[in-house]
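The values are calculated or read from the model by the stated rules, or taken from the named source; none is laboratory data. Note that this is a predicted model, so its numbers are computed, not measured. FYI the Cβ positions are ideal-geometry reconstructions off the backbone, even for glycines, and counts take in every protein chain you see.
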Amino acid sequence: MNEIPEYYTILFQAAEQAIQALEQQNYGLAKQILIDGEQAAEEAFVAKDE
């Protein structure tokens, strides 16, 4: 079975956390969670080729 790439799981977890923040109407936190998740996923994607 193929492994799920780390960058995918990072983004998925960020999306889950952002949804929770949105449910609490904490829009600023949701935005920051998504930005941080995007940056962490990008770093993981670049690191996988090193």
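Suppose we keep only residues that are touching a residue at least 12 places away in the same chain (Cβ under 8 Å) and loosely packed, with under 14 Cβ neighbours inside 10 Å within the stretch 32-50. Which one would you say is nearest to ILE4 (Cα to Cα)? Checking each candidate, the answer is LYS48. Out of contact with any Cys (no Cβ under 7 Å at 6 or more places or on another chain), surrounded by 13 or more Cβ atoms within 10 Å (Cβ to Cβ) and not hydrophobic (A, V, I, L, M, F, W, C): is that true of GLN13 in this structure? Taking the combined requirement at face value, the residue satisfies it.
Matching residues to (1) more than 11 Å from the chain's Cα centre (by Cα); (2) at pLDDT below 95:
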position	(1), (2)
ASN2	yes, yes
TYR8	no, no
ALA14	no, no
ASN26	yes, no
LEU29	yes, no
ILE33	no, no
GLN39	no, no
ASP49	yes, yes
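The residue pairs whose first member lies in the stretch 1-13 and is over 11 Å from GLU38 (Cα atoms), whose second member is surrounded by 13 or more Cβ atoms within 10 Å (Cβ to Cβ), and whose beta carbons are closer than 6 Å, counting only pairs six or more residues apart or on different chains, are GLU6/ALA44.
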